[in-house]
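Everything below concerns the one structure shown next.
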Amino acid sequence: MACNSCTTDKNGQPKGCKNNGTCGTDSCNKLTVFDWLANMSLPNGQEPFIGVEVRFKNGRKHYYKNTENLTLSIGDIVATQAKSGHDIGMVTLTGELVRVQMKRKKIDIDDAENVLKIYRKASQKDIDIWSDSRDKEEPMKVKARQFAIDLNLKMKISDIEYQGDGSKATFYYTAEERVDFRELIKVFAREFRTRIEMKQVGFRQEAARLGGIGSCGRELCCSTWLTDFRSVSTSAARYQQLSLNPLKLAGQCGKLKCCLNYELDAYLDALKSFPKTDAKLYTEKGVAVCQKTDIFKGLMWYAYEGEWMNWHVITAEQANEIVEKNKKKEKVASLEEYAAEHIQDTKNEFENVVGQDSLTRFDNPKSNKKRNNKRKSRNKNRNRKRNQQPNAKKKQ
(Lines give C-alpha, C1' and ligand atoms only; values in the text may rest on other atoms or scores of the structure.)
Protein backbone atom coordinates (compact mmCIF):
# COMPACT_ATOMS: atom_id res chain seq x y z
CA MET A 1 0.00 0.00 0.00
CA ALA A 2 1.08 3.56 -0.58
CA CYS A 3 -0.46 6.97 0.05
CA ASN A 4 -0.87 9.73 -2.52
CA SER A 5 2.49 11.31 -1.71
CA CYS A 6 4.31 8.08 -2.66
CA THR A 7 2.94 7.85 -6.20
CA THR A 8 4.75 8.78 -9.41
CA ASP A 9 4.80 12.19 -11.08
CA LYS A 10 3.87 13.08 -14.67
CA ASN A 11 7.17 11.80 -16.07
CA GLY A 12 6.79 8.45 -14.33
CA GLN A 13 9.50 9.19 -11.77
CA PRO A 14 8.79 8.14 -8.15
CA LYS A 15 8.03 11.07 -5.88
CA GLY A 16 9.01 9.40 -2.63
CA CYS A 17 7.30 9.91 0.70
CA LYS A 18 7.13 13.66 1.29
CA ASN A 19 6.19 13.14 4.93
CA ASN A 20 9.01 10.72 5.87
CA GLY A 21 6.60 8.01 7.00
CA THR A 22 4.37 10.24 9.16
CA CYS A 23 1.58 10.91 6.66
CA GLY A 24 -2.02 10.90 7.79
CA THR A 25 -2.93 7.64 6.07
CA ASP A 26 -0.10 5.72 7.81
CA SER A 27 0.00 3.21 4.93
CA CYS A 28 3.79 3.24 4.48
CA ASN A 29 4.64 1.75 7.87
CA LYS A 30 5.09 -1.80 9.17
CA LEU A 31 2.11 -3.84 10.33
CA THR A 32 -0.32 -1.06 9.49
CA VAL A 33 -4.07 -1.68 9.82
CA PHE A 34 -6.60 -0.15 7.43
CA ASP A 35 -9.40 1.54 9.37
CA TRP A 36 -12.40 0.41 7.34
CA LEU A 37 -14.75 1.77 10.05
CA ALA A 38 -13.43 5.34 9.79
CA ASN A 39 -16.35 6.63 7.67
CA MET A 40 -19.05 5.02 9.81
CA SER A 41 -20.80 7.00 12.55
CA LEU A 42 -21.63 5.54 15.95
CA PRO A 43 -25.23 4.89 17.01
CA ASN A 44 -26.93 7.54 19.07
CA GLY A 45 -25.95 7.54 22.72
CA GLN A 46 -22.83 5.39 22.30
CA GLU A 47 -19.52 6.90 23.29
CA PRO A 48 -16.39 6.28 21.20
CA PHE A 49 -13.94 3.66 22.41
CA ILE A 50 -11.21 5.16 24.61
CA GLY A 51 -8.53 2.73 23.43
CA VAL A 52 -5.88 4.03 21.01
CA GLU A 53 -3.17 2.14 19.15
CA VAL A 54 0.24 3.87 19.18
CA ARG A 55 3.24 2.82 17.11
CA PHE A 56 6.89 3.27 18.10
CA LYS A 57 10.16 2.43 16.39
CA ASN A 58 10.27 -0.55 13.98
CA GLY A 59 6.60 -1.46 14.23
CA ARG A 60 6.44 -1.84 18.02
CA LYS A 61 2.82 -1.16 19.00
CA HIS A 62 1.03 -0.69 22.31
CA TYR A 63 -2.51 0.22 23.34
CA TYR A 64 -3.31 3.21 25.56
CA LYS A 65 -6.34 4.84 27.18
CA ASN A 66 -7.47 8.22 25.98
CA THR A 67 -8.64 9.30 29.42
CA GLU A 68 -8.30 13.03 28.60
CA ASN A 69 -10.78 12.73 25.68
CA LEU A 70 -8.27 14.18 23.22
CA THR A 71 -9.31 14.56 19.59
CA LEU A 72 -6.88 12.15 17.99
CA SER A 73 -6.51 11.00 14.41
CA ILE A 74 -4.12 8.71 12.58
CA GLY A 75 -0.67 10.28 12.29
CA ASP A 76 -0.80 12.43 15.45
CA ILE A 77 2.33 12.44 17.63
CA VAL A 78 1.40 11.86 21.28
CA ALA A 79 3.18 11.66 24.64
CA THR A 80 2.29 8.44 26.41
CA GLN A 81 2.77 7.13 29.93
CA ALA A 82 5.80 4.95 30.64
CA LYS A 83 7.04 3.09 33.71
CA SER A 84 9.30 6.07 34.35
CA GLY A 85 8.95 9.33 32.46
CA HIS A 86 7.04 9.45 29.17
CA ASP A 87 7.43 8.07 25.67
CA ILE A 88 6.67 9.56 22.24
CA GLY A 89 4.78 7.63 19.54
CA MET A 90 2.46 8.01 16.60
CA VAL A 91 -1.25 7.18 16.59
CA THR A 92 -1.97 4.40 14.07
CA LEU A 93 -5.55 3.42 14.90
CA THR A 94 -8.53 4.88 16.74
CA GLY A 95 -12.18 4.03 17.23
CA GLU A 96 -14.03 0.73 17.33
CA LEU A 97 -11.40 -1.15 15.32
CA VAL A 98 -9.03 -0.79 18.29
CA ARG A 99 -11.55 -2.77 20.36
CA VAL A 100 -11.40 -5.56 17.77
CA GLN A 101 -7.60 -5.55 17.71
CA MET A 102 -7.36 -5.67 21.50
CA LYS A 103 -9.85 -8.53 21.65
CA ARG A 104 -7.84 -10.44 19.02
CA LYS A 105 -4.63 -9.97 21.02
CA LYS A 106 -6.42 -10.74 24.31
CA ILE A 107 -5.68 -7.38 25.94
CA ASP A 108 -8.11 -6.01 28.51
CA ILE A 109 -8.72 -2.25 28.43
CA ASP A 110 -9.04 -2.24 32.25
CA ASP A 111 -5.62 -3.83 32.77
CA ALA A 112 -3.77 -0.94 34.42
CA GLU A 113 -0.36 -2.59 34.18
CA ASN A 114 -0.37 -3.24 30.42
CA VAL A 115 -2.72 -0.49 29.17
CA LEU A 116 -1.33 2.91 30.20
CA LYS A 117 -2.57 6.45 29.52
CA ILE A 118 -2.02 9.10 26.88
CA TYR A 119 -0.88 12.34 28.49
CA ARG A 120 -1.22 14.86 25.66
CA LYS A 121 -0.39 15.63 22.08
CA ALA A 122 3.34 16.06 21.74
CA SER A 123 4.62 19.62 21.81
CA GLN A 124 7.46 20.90 19.66
CA LYS A 125 9.85 20.54 22.61
CA ASP A 126 8.85 16.86 23.01
CA ILE A 127 9.42 16.22 19.30
CA ASP A 128 12.85 17.93 19.36
CA ILE A 129 14.03 15.81 22.31
CA TRP A 130 12.63 12.68 20.61
CA SER A 131 14.41 13.49 17.32
CA ASP A 132 17.73 14.19 19.07
CA SER A 133 17.50 10.87 20.89
CA ARG A 134 16.79 8.99 17.67
CA ASP A 135 19.87 10.56 16.05
CA LYS A 136 22.09 9.10 18.81
CA GLU A 137 21.00 5.50 18.20
CA GLU A 138 23.17 4.59 15.19
CA PRO A 139 26.55 5.79 16.61
CA MET A 140 25.61 4.19 19.94
CA LYS A 141 24.98 0.86 18.22
CA VAL A 142 28.46 0.87 16.68
CA LYS A 143 30.11 1.52 20.05
CA ALA A 144 27.90 -0.99 21.86
CA ARG A 145 28.85 -3.78 19.46
CA GLN A 146 32.53 -2.98 19.94
CA PHE A 147 32.15 -3.11 23.73
CA ALA A 148 30.48 -6.53 23.47
CA ILE A 149 33.33 -7.80 21.27
CA ASP A 150 35.95 -6.50 23.72
CA LEU A 151 34.28 -8.40 26.57
CA ASN A 152 34.15 -11.61 24.45
CA LEU A 153 30.38 -11.91 24.79
CA LYS A 154 28.64 -14.24 22.32
CA MET A 155 25.79 -11.89 21.52
CA LYS A 156 24.71 -9.58 18.72
CA ILE A 157 23.24 -6.14 19.44
CA SER A 158 20.76 -5.69 16.62
CA ASP A 159 19.00 -2.44 17.52
CA ILE A 160 18.79 0.39 20.07
CA GLU A 161 15.64 2.31 20.92
CA TYR A 162 15.58 5.46 23.04
CA GLN A 163 12.58 6.37 25.12
CA GLY A 164 10.81 9.51 23.92
CA ASP A 165 12.09 11.70 26.75
CA GLY A 166 15.67 10.41 26.31
CA SER A 167 15.87 8.99 29.85
CA LYS A 168 16.29 5.32 28.90
CA ALA A 169 17.83 3.29 26.08
CA THR A 170 16.68 -0.26 25.30
CA PHE A 171 19.27 -2.57 23.71
CA TYR A 172 17.83 -5.44 21.66
CA TYR A 173 20.18 -8.39 21.27
CA THR A 174 20.18 -11.99 20.04
CA ALA A 175 22.19 -14.85 21.51
CA GLU A 176 22.15 -18.61 21.18
CA GLU A 177 23.22 -19.18 24.79
CA ARG A 178 22.76 -17.49 28.13
CA VAL A 179 24.86 -14.32 28.34
CA ASP A 180 26.19 -12.65 31.51
CA PHE A 181 26.11 -8.97 30.54
CA ARG A 182 26.39 -7.40 34.00
CA GLU A 183 29.81 -5.98 33.20
CA LEU A 184 28.52 -4.80 29.81
CA ILE A 185 25.72 -2.80 31.45
CA LYS A 186 28.27 -1.03 33.66
CA VAL A 187 30.30 -0.08 30.58
CA PHE A 188 27.17 1.17 28.79
CA ALA A 189 26.03 3.25 31.76
CA ARG A 190 29.48 4.80 32.16
CA GLU A 191 29.83 5.55 28.44
CA PHE A 192 26.30 6.64 27.45
CA ARG A 193 25.19 8.13 30.80
CA THR A 194 21.59 6.96 30.66
CA ARG A 195 19.48 4.15 32.09
CA ILE A 196 20.08 0.87 30.26
CA GLU A 197 17.62 -1.94 29.59
CA MET A 198 18.68 -5.17 27.86
CA LYS A 199 16.01 -7.13 26.01
CA GLN A 200 16.68 -10.43 24.27
CA VAL A 201 14.71 -11.17 21.09
CA GLY A 202 14.59 -14.21 18.84
CA PHE A 203 16.13 -14.37 15.39
CA ARG A 204 12.72 -14.07 13.73
CA GLN A 205 11.85 -11.04 15.88
CA GLU A 206 15.17 -9.48 14.93
CA ALA A 207 14.40 -9.86 11.22
CA ALA A 208 10.92 -8.42 11.83
CA ARG A 209 12.36 -5.31 13.50
CA LEU A 210 15.06 -4.68 10.92
CA GLY A 211 13.00 -5.58 7.83
CA GLY A 212 14.31 -6.40 4.37
CA ILE A 213 13.50 -7.99 1.01
CA GLY A 214 12.94 -11.73 0.74
CA SER A 215 13.97 -14.10 -2.05
CA CYS A 216 10.48 -13.68 -3.54
CA GLY A 217 11.19 -10.00 -4.21
CA ARG A 218 8.68 -8.71 -1.65
CA GLU A 219 9.13 -7.27 1.82
CA LEU A 220 9.53 -9.77 4.63
CA CYS A 221 6.22 -11.16 5.90
CA CYS A 222 7.34 -10.78 9.52
CA SER A 223 7.93 -7.04 9.07
CA THR A 224 4.73 -6.27 7.12
CA TRP A 225 1.81 -8.40 8.34
CA LEU A 226 2.93 -11.57 10.16
CA THR A 227 2.66 -11.30 13.94
CA ASP A 228 2.70 -14.90 15.22
CA PHE A 229 5.77 -17.01 14.48
CA ARG A 230 4.85 -20.67 14.23
CA SER A 231 7.47 -23.40 14.26
CA VAL A 232 8.63 -24.60 10.84
CA SER A 233 10.17 -28.06 10.36
CA THR A 234 11.95 -29.70 7.44
CA SER A 235 9.00 -32.10 7.06
CA ALA A 236 7.07 -29.18 5.55
CA ALA A 237 9.64 -29.04 2.76
CA ARG A 238 9.53 -32.83 2.30
CA TYR A 239 5.75 -32.87 1.92
CA GLN A 240 6.03 -30.16 -0.75
CA GLN A 241 8.83 -32.09 -2.50
CA LEU A 242 11.35 -29.29 -2.13
CA SER A 243 15.07 -29.94 -2.18
CA LEU A 244 16.50 -29.85 1.35
CA ASN A 245 18.95 -27.09 0.53
CA PRO A 246 19.49 -24.94 3.65
CA LEU A 247 20.56 -21.96 1.55
CA LYS A 248 17.20 -21.89 -0.25
CA LEU A 249 14.96 -22.91 2.64
CA ALA A 250 16.40 -20.45 5.18
CA GLY A 251 15.24 -16.85 5.42
CA GLN A 252 17.16 -13.74 6.41
CA CYS A 253 16.81 -14.71 10.07
CA GLY A 254 18.76 -17.92 9.43
CA LYS A 255 15.74 -20.08 10.30
CA LEU A 256 13.41 -21.96 7.96
CA LYS A 257 11.13 -19.65 5.98
CA CYS A 258 7.69 -19.01 7.46
CA CYS A 259 6.13 -19.32 4.00
CA LEU A 260 6.80 -23.09 4.02
CA ASN A 261 3.70 -23.40 6.22
CA TYR A 262 1.40 -21.36 3.97
CA GLU A 263 0.52 -24.11 1.46
CA LEU A 264 1.36 -27.10 3.65
CA ASP A 265 -2.29 -27.92 4.46
CA ALA A 266 -3.19 -27.98 0.75
CA TYR A 267 -0.34 -30.41 0.04
CA LEU A 268 -1.34 -32.65 2.96
CA ASP A 269 -4.94 -32.79 1.69
CA ALA A 270 -3.74 -33.66 -1.82
CA LEU A 271 -1.41 -36.39 -0.54
CA LYS A 272 -4.35 -38.20 1.09
CA SER A 273 -5.38 -39.51 -2.35
CA PHE A 274 -1.87 -40.91 -2.99
CA PRO A 275 -0.53 -44.22 -1.65
CA LYS A 276 2.46 -44.05 0.64
CA THR A 277 5.74 -43.65 -1.18
CA ASP A 278 7.30 -46.53 0.74
CA ALA A 279 4.54 -48.93 -0.39
CA LYS A 280 5.83 -51.40 -2.98
CA LEU A 281 3.77 -52.68 -5.94
CA TYR A 282 3.95 -56.43 -6.49
CA THR A 283 3.53 -57.56 -10.10
CA GLU A 284 4.24 -60.77 -11.96
CA LYS A 285 7.18 -59.07 -13.62
CA GLY A 286 8.72 -57.94 -10.37
CA VAL A 287 8.48 -55.60 -7.39
CA ALA A 288 8.15 -51.85 -8.22
CA VAL A 289 9.32 -49.03 -5.97
CA CYS A 290 8.14 -45.40 -6.08
CA GLN A 291 10.75 -42.99 -7.46
CA LYS A 292 8.86 -39.72 -7.93
CA THR A 293 5.46 -38.13 -7.31
CA ASP A 294 3.76 -35.24 -9.10
CA ILE A 295 1.05 -33.90 -6.82
CA PHE A 296 -0.36 -31.40 -9.32
CA LYS A 297 -0.82 -33.90 -12.16
CA GLY A 298 -1.66 -36.82 -9.88
CA LEU A 299 1.05 -39.06 -11.36
CA MET A 300 3.58 -41.43 -9.82
CA TRP A 301 6.74 -42.94 -11.26
CA TYR A 302 7.76 -46.51 -10.39
CA ALA A 303 10.78 -48.63 -11.27
CA TYR A 304 11.32 -52.37 -10.94
CA GLU A 305 13.95 -53.54 -8.51
CA GLY A 306 17.10 -54.10 -10.51
CA GLU A 307 15.87 -51.91 -13.40
CA TRP A 308 16.26 -48.54 -11.75
CA MET A 309 16.82 -46.66 -15.02
CA ASN A 310 13.42 -47.59 -16.50
CA TRP A 311 10.63 -45.59 -14.90
CA HIS A 312 6.94 -46.25 -15.51
CA VAL A 313 4.36 -43.53 -14.89
CA ILE A 314 0.88 -44.32 -13.58
CA THR A 315 -1.86 -42.31 -11.92
CA ALA A 316 -2.50 -42.23 -8.18
CA GLU A 317 -5.83 -44.06 -8.71
CA GLN A 318 -4.10 -46.85 -10.58
CA ALA A 319 -1.45 -47.12 -7.86
CA ASN A 320 -4.18 -47.38 -5.21
CA GLU A 321 -5.91 -50.04 -7.28
CA ILE A 322 -2.72 -52.12 -7.45
CA VAL A 323 -2.13 -51.67 -3.70
CA GLU A 324 -5.65 -52.93 -2.95
CA LYS A 325 -5.10 -55.98 -5.14
CA ASN A 326 -1.79 -56.66 -3.39
CA LYS A 327 -3.60 -56.58 -0.02
CA LYS A 328 -5.83 -59.36 -1.34
CA LYS A 329 -2.66 -61.22 -2.36
CA GLU A 330 -3.35 -60.61 -6.05
CA LYS A 331 -0.73 -59.49 -8.55
CA VAL A 332 -1.16 -57.54 -11.75
CA ALA A 333 0.68 -58.59 -14.89
CA SER A 334 3.00 -55.58 -15.18
CA LEU A 335 3.12 -51.81 -14.87
CA GLU A 336 3.48 -51.42 -18.65
CA GLU A 337 -0.24 -52.08 -19.07
CA TYR A 338 -1.04 -49.02 -16.98
CA ALA A 339 1.88 -46.87 -18.11
CA ALA A 340 1.05 -47.19 -21.83
CA GLU A 341 -1.74 -44.64 -21.44
CA HIS A 342 0.61 -41.95 -20.07
CA ILE A 343 3.40 -41.96 -22.64
CA GLN A 344 4.06 -38.28 -23.19
CA ASP A 345 4.48 -36.80 -26.63
CA THR A 346 7.85 -35.07 -26.73
CA LYS A 347 6.90 -32.94 -29.73
CA ASN A 348 7.61 -29.26 -29.20
CA GLU A 349 4.38 -27.31 -29.54
CA PHE A 350 6.03 -23.90 -29.27
CA GLU A 351 5.48 -21.68 -32.30
CA ASN A 352 7.16 -18.35 -32.80
CA VAL A 353 3.97 -16.48 -33.65
CA VAL A 354 4.97 -12.94 -32.69
CA GLY A 355 8.53 -13.19 -33.95
CA GLN A 356 10.20 -13.61 -30.57
CA ASP A 357 13.72 -14.93 -30.36
CA SER A 358 14.46 -18.30 -28.84
CA LEU A 359 15.15 -18.36 -25.12
CA THR A 360 18.18 -20.60 -25.76
CA ARG A 361 19.76 -18.40 -28.41
CA PHE A 362 22.70 -17.54 -26.13
CA ASP A 363 23.46 -21.14 -25.17
CA ASN A 364 25.33 -22.01 -28.38
CA PRO A 365 28.68 -20.31 -29.06
CA LYS A 366 28.77 -17.74 -31.81
CA SER A 367 30.11 -18.90 -35.16
CA ASN A 368 33.16 -17.24 -36.71
CA LYS A 369 31.77 -17.12 -40.25
CA LYS A 370 31.76 -13.33 -40.39
CA ARG A 371 35.37 -13.12 -39.23
CA ASN A 372 36.48 -15.73 -41.75
CA ASN A 373 34.66 -13.91 -44.56
CA LYS A 374 36.34 -10.63 -43.63
CA ARG A 375 39.75 -12.27 -43.58
CA LYS A 376 39.18 -13.81 -47.01
CA SER A 377 38.12 -10.46 -48.48
CA ARG A 378 41.19 -8.77 -47.02
CA ASN A 379 43.49 -11.42 -48.47
CA LYS A 380 41.90 -11.07 -51.92
CA ASN A 381 42.41 -7.31 -51.89
CA ARG A 382 46.05 -7.73 -50.92
CA ASN A 383 46.66 -10.25 -53.69
CA ARG A 384 45.08 -7.94 -56.26
CA LYS A 385 47.32 -5.07 -55.23
CA ARG A 386 50.41 -7.29 -55.45
CA ASN A 387 49.47 -8.47 -58.94
CA GLN A 388 48.83 -4.92 -60.14
CA GLN A 389 52.24 -3.57 -59.01
CA PRO A 390 54.50 -5.64 -61.45
CA ASN A 391 52.15 -4.85 -64.40
CA ALA A 392 52.56 -1.14 -63.73
CA LYS A 393 56.42 -1.46 -63.72
CA LYS A 394 56.40 -3.28 -67.13
CA LYS A 395 54.40 -0.46 -68.74
CA GLN A 396 56.99 2.07 -67.60
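The values are calculated or read from the model by the stated rules, or taken from the named source; none is laboratory data. Just so it is clear, the structure is predicted and the values come from calculations on it, not from any experiment. So basically every Cβ, Gly included, is an ideal-geometry build from the backbone, and we count neighbours across all protein chains shown. For the accessible areas, the whole protein counts, side chains as well, though only heavy atoms, and no ligand, DNA or RNA atoms are used. Shrake-Rupley method; radii C 1.70, N 1.55, O 1.52, S 1.80 Å.
Each row is one residue, and each column tells you yes or no for (1) in a helix (DSSP H, G or I); (2) more than 31 Å from the chain's Cα centre (by Cα).
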site	(1), (2)
119	no, yes
125	yes, yes
139	yes, no
157	no, no
164	no, no
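Can you pull out every residue in the range 251-284 that is under 20 Å from the mean Cα position of the chain (by Cα) and surrounded by 14 or more Cβ atoms within 10 Å (Cβ to Cβ)? Matches in the range 251-284: 251, 252, 253, 255, 256, 257, 258, 259, 260, 261, 264. Scanning the range 193-230 for residues that are in contact with a Leu (Cβ under 9 Å, 6 or more places away or on another chain), surrounded by fewer than 15 Cβ atoms within 10 Å (Cβ to Cβ) and in a loop (DSSP other than H, G, I, E, B) gives 212, 225, 227.
Of everything listed in (1) touching a strand residue (DSSP E or B) at 6+ places or on another chain (Cβ under 6 Å); (2) closer than 21 Å to residue 240 by Cβ, the single unmet condition for residue 283 is (2).
Checking the range 208-223 against the condition returns no match, with no residue being at pLDDT 90 or above and hydroxyl-bearing (Ser, Thr, Tyr). Residues in the range 84-117 that are over 27 Å from residue 40 (Cα atoms), in a loop (DSSP other than H, G, I, E, B) and not hydrophobic (A, V, I, L, M, F, W, C): 84, 85, 111, 113, 114. Out of all the residues in the range 139-175, which are open to solvent by less than 40 Å² (accessible area, probe 1.4 Å), over 23 Å from residue 255 (Cβ atoms) and hydrophobic (A, V, I, L, M, F, W, C)? Correct list: 140, 144, 160, 169. With the condition kept exactly as written, say whether any residue in the range 23-33 is hydroxyl-bearing (Ser, Thr, Tyr), exposed (fewer than 12 other Cβ atoms within 10 Å of the Cβ), in a loop (DSSP other than H, G, I, E, B) and modelled with pLDDT of 75 or more. No: the range 23-33 contains no residue that is hydroxyl-bearing (Ser, Thr, Tyr), exposed (fewer than 12 other Cβ atoms within 10 Å of the Cβ), in a loop (DSSP other than H, G, I, E, B) and modelled with pLDDT of 75 or more.
The residue that is nearest to the chain's Cα centre (by Cα), among those in the range 61-90 that are small (Gly, Ala, Ser) and open to solvent by 40 Å² or more (accessible area, probe 1.4 Å), is 73.
Kindly indicate whether residue 151 is more than 29 Å from residue 79 (Cα to Cα) and either free of Cβ contacts under 8 Å to residues at least 60 places away in the same chain or not hydroxyl-bearing (Ser, Thr, Tyr) (or both).
Numbers: more than 29 Å from residue 79 (Cα to Cα): yes; either free of Cβ contacts under 8 Å to residues at least 60 places away in the same chain or not hydroxyl-bearing (Ser, Thr, Tyr) (or both): yes.
Criteria met by residue 151.
Exactly one residue out of 93, 97 is under 19 Å from residue 59 (Cβ atoms), out of contact with any strand residue (DSSP E or B) (no Cβ under 6 Å at 6 or more places or on another chain) and open to solvent by less than 40 Å² (accessible area, probe 1.4 Å), and it is 97.
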